[in-house]
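The values are calculated or read from the model by the stated rules, or taken from the named source; none is laboratory data. Since this is a predicted model, take the numbers as computed values, not measurements. All Cβ positions, glycine included, derive from the backbone under ideal geometry; neighbour counts span all protein chains shown.
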Amino acid sequence: MMAHPTSLVRLAITTGEPAGIGPEVSIAAAKQFLLEQANACITLLGDQGLLREAVKSSNAERLQVEAIPLIASSTLGKLNAQNGPYVIQLLDRAIDGCMAGQFDAMVTAPIQKSVINEAGLAFTGHTEYLAQRCGVKHVVMMLSATLKKGFLGLSSSRDLRVALVTTHLPLQKVSAFLNQDLILDTIQIVQQDLQVKMGITHPVIRISGLNPHAGESGYLGREEIDMISPAIELAKKMGIDVSGPYPGDTMFEPKALEEVDAFIAMYHDQGLAPFKFVTFGGGVNITLGLPIIRTSVDHGTALDIAGKGIADSGSMLEAIRSAYQMALTQKQLVG
Ligand SMILES: NC(=O)C1=CN([C@@H]2O[C@H](COP(=O)(O)OP(=O)(O)OC[C@H]3O[C@@H](n4cnc5c(N)ncnc54)[C@H](O)[C@@H]3O)[C@@H](O)[C@H]2O)C=CC1
Ligand SMILES: NCC(=O)COP(=O)(O)O
């Protein structure tokens, strides 16, 4: 296999759970993206049999398959725990390639977290795995999508970005996991990556409370008083334009959509339920705080429709576009 030239933006795609829609949306989105973008190339990582449609591309020289064979046979829609380690091999190859400078960014198709655990590998999500594999203590999951002009009165199209303080954590454990340092660190990571990877010079950030009505002055919980507000004050002293804590149910008020560059929520569904309700199928999951660029789709493995030819590849296309854009921004900033 020929190495792609470094003059191009080189993207690696991990094609994800073999029984799900990952391989098909990866191929469709990669082909579409290469028609749009002449100075990019893509390496699809996965089993050759699953990716055979990729070679039928009008941009074959810029779309390569790097074959990593399945461990056991795979049937669409049916999980096979024996292929759990295969999915991890795809991630390891992409991470190592990015760390070594062979790829400029990685894009991940969905995986089934449960089946990897069934295979005996403790795994909560890409986000946590990437942090551990890249030797970073804290990374931040952020979802991003473009809202169209006119949506809830928007005067122009605008990106909605939602970042999370905690990710794949049972709800029961969220409060005990939160602390001032973690919240402050999350704000700093969001600020830093919005500037460096997304080119937003002065990001405006909003952060939620944890409890109903942001704790109602302590009568409905104290996390806002004890840790969230102090973290916000410290971040402000560092020059970060952050405000809150806002009640989770009103933080996303329409007028905020015009002004805010990133909303930070305390836990997974507090942030992602409103996000996915308005953007499902067009959102991108970005891991902030990594030494490499990683984006992903906003949906799961969709086993129910795998191989039926009806999977929407829109989110994968957006994930590729956004990885490309971030890689370009970083290349330009670095010089
Ligand atoms: N980036 C990742 O690796 C992600 C992985 N997951 C994993 O996916 C698995 C299944 O999760 P679910 O909650 O069932 O969500 P899901 O997103 O797989 O499915 C929810 C519904 O949306 C539909 N759907 C999803 N993507 C679609 C697409 N591209 N086009 C058309 N319809 C689509 C499905 O058919 C299903 O009806 C879980 O194991 C979860 O952990 C979930 C989200 C992200
Ligand atoms: N809800 C987002 C999700 O589950 C994907 O997480 P990750 O695998 O990208 O960490």
Restricting to segment 226-252, what's the tally of residues that are in a loop (DSSP other than H, G, I, E, B), surrounded by 13 or more Cβ atoms within 10 Å (Cβ to Cβ) and not β-branched (Val, Ile, Thr)? 5
Segment 152-172, residues that are away from ligand 2 (no atom under 16 Å from the Cβ) and more than 23 Å from Ile232 (Cβ to Cβ): Leu152, Gly153, Leu154, Ser155, Ser156, Ser157, Arg158, Gln172
Restricting attention to segment 166-184, the residues that are within 29 Å of Ser322 (Cβ to Cβ) and either among the aromatic types (Phe, Trp, Tyr) or in contact with a Gly (Cβ under 9 Å, 6 or more places away or on another chain) (or both) number exactly 3
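Quick one: in segment 271-281, of everything that is more than 12 Å from ligand 2 (Cβ to nearest atom) and buried (at least 18 other Cβ atoms within 10 Å of the Cβ), which residue is modelled with the highest pLDDT?
Restricting to residues being more than 12 Å from ligand 2 (Cβ to nearest atom) and buried (at least 18 other Cβ atoms within 10 Å of the Cβ), the top hit is Pro274.
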Quick one: Thr301 ticks every box in (1) outside the structural domain of Val162 (by TED's automatic domain parsing); (2) surrounded by fewer than 15 Cβ atoms within 10 Å (Cβ to Cβ) except a single one, so which number is it? (2)
Examine segment 97-117 for a residue that is within 16 Å of ligand 1 (Cβ to nearest atom) and of a type in the set (Asp, Glu), and state whether such a residue exists. no
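Out of all the residues in segment 253-283, which are in a loop (DSSP other than H, G, I, E, B) and among the β-branched types (Val, Ile, Thr)? Full working, then the answer.
Taking segment 253-283 as the starting set, the residues that turn out to be in a loop (DSSP other than H, G, I, E, B) are 253, 260-261, 266-267, 280-283.
If the condition is that a residue be in a loop (DSSP other than H, G, I, E, B) and among the β-branched types (Val, Ile, Thr), then Val260 is the only one that fits.
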Can you tell me which condition Pro69 does not meet? The list is (1) away from ligand 2 (no atom under 12 Å from the Cβ); (2) part of a helix (DSSP H, G or I); (3) within 29 Å of Leu8 (Cα to Cα), and all the others hold. (2)
In this structure, does Leu160 turn out to be touching a residue at least 12 places away in the same chain (Cβ under 8 Å), loosely packed, with under 12 Cβ neighbours inside 10 Å and in the same structural domain as Leu272 (by TED's automatic domain parsing)? no
Taking Ser58 as meeting all but one of (1) under 24 Å from the mean Cα position of the chain (by Cα); (2) in a loop (DSSP other than H, G, I, E, B); (3) among the hydroxyl-bearing types (Ser, Thr, Tyr), write down the number of the exception. (1)
Checking Lys149 against (1) basic (Lys, Arg); (2) within 14 Å of ligand 2 (Cβ to nearest atom); (3) outside the structural domain of Ser26 (by TED's automatic domain parsing), only one condition comes out false. Which one? (2)
Is segment 312-332 home to any residue that is closer than 27 Å to Ser74 by Cα and among the basic types (Lys, Arg)? no
Select from segment 134-143 the residues that are buried (at least 18 other Cβ atoms within 10 Å of the Cβ) and more than 8 Å from ligand 2 (Cβ to nearest atom) and list them in ascending order. Val139, Val140, Met142
Can you say whether Val55 is without any contact (Cβ under 8 Å) to a residue 24 or more places away in the chain and out of contact with any Phe, Trp or Tyr (no Cβ under 7 Å at 6 or more places or on another chain), as far as the supplied structure shows? yes
Of Ala3, Ala30, the only residue that is within 16 Å of ligand 1 (Cβ to nearest atom), touching a residue at least 12 places away in the same chain (Cβ under 8 Å) and either not charged (D, E, K, R) or not in a helix (DSSP H, G or I) (or both) is Ala30
Any idea which of (1) closer than 22 Å to Glu17 by Cα; (2) at pLDDT below 95 is the one Glu258 doesn't satisfy? (1)
What number of residues within segment 287-318 satisfy the criterion of being more than 9 Å from ligand 1 (Cβ to nearest atom), in contact with a strand residue (DSSP E or B) (Cβ under 6 Å, 6 or more places away or on another chain) and in a helix (DSSP H, G or I)? 1
What is the one condition in (1) assigned to a helix (DSSP H, G or I); (2) within 12 Å of ligand 1 (Cβ to nearest atom); (3) not aromatic (Phe, Trp, Tyr) that Glu17 does not satisfy? (1)
Cβ-Cβ distance below 8 Å, separation of 6 or more or different chains: which pairs start in segment 224-246 with a residue that is assigned by TED's automatic domain parsing to the domain that holds Asp185 and touching a residue at least 24 places away in the same chain (Cβ under 8 Å) and end on one that is small (Gly, Ala, Ser) and part of a strand (DSSP E or B)? Ile228/Gly244; Ile232/Ser243; Ile232/Gly244; Gly244/Ser208; Pro245/Ser208; Tyr246/Ser208
